[in-house]
Amino acid sequence: MSGREYPSSVDAPWAAAFERLADHCMTCPTCTAADDQAANLRLTCPEAVRLSRECRDARRGA
Ligand SMILES: [Zn+2]
């Protein structure tokens, strides 16, 4: 990854959590699972659920 061009949002408390979620979704076999038409299966991934909750909580300032 090279583009770290997020003016100010990098310093936001939720930025790290968001980055973890984005990273996970791009690399996790469950989150990227697709059917034979390349449609994302949107499988429920406990780790993605946890990371997105963490992200949401961080944005709320929890
Ligand atoms: Zn996942």
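The numbers here are math on the coordinates, done by the rules we state, and not lab data. As the structure is a computational prediction, the values presented were derived from the model and not from experiment.
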| Extension gain from ALA16 to CYS28, taking 0.36 nm per residue of separation minus the Cα-Cα distance | 2.6 nm
| task | Report ³J(HN,Hα) in whole Hz for each residue of region 50-58, in order, from the Karplus equation J = 6.51 cos²θ - 1.76 cosθ + 1.60 where θ = phi - 60°; Gly and Pro get x. | result | 5, 5, 6, 5, 4, 5, 5, 4, 5
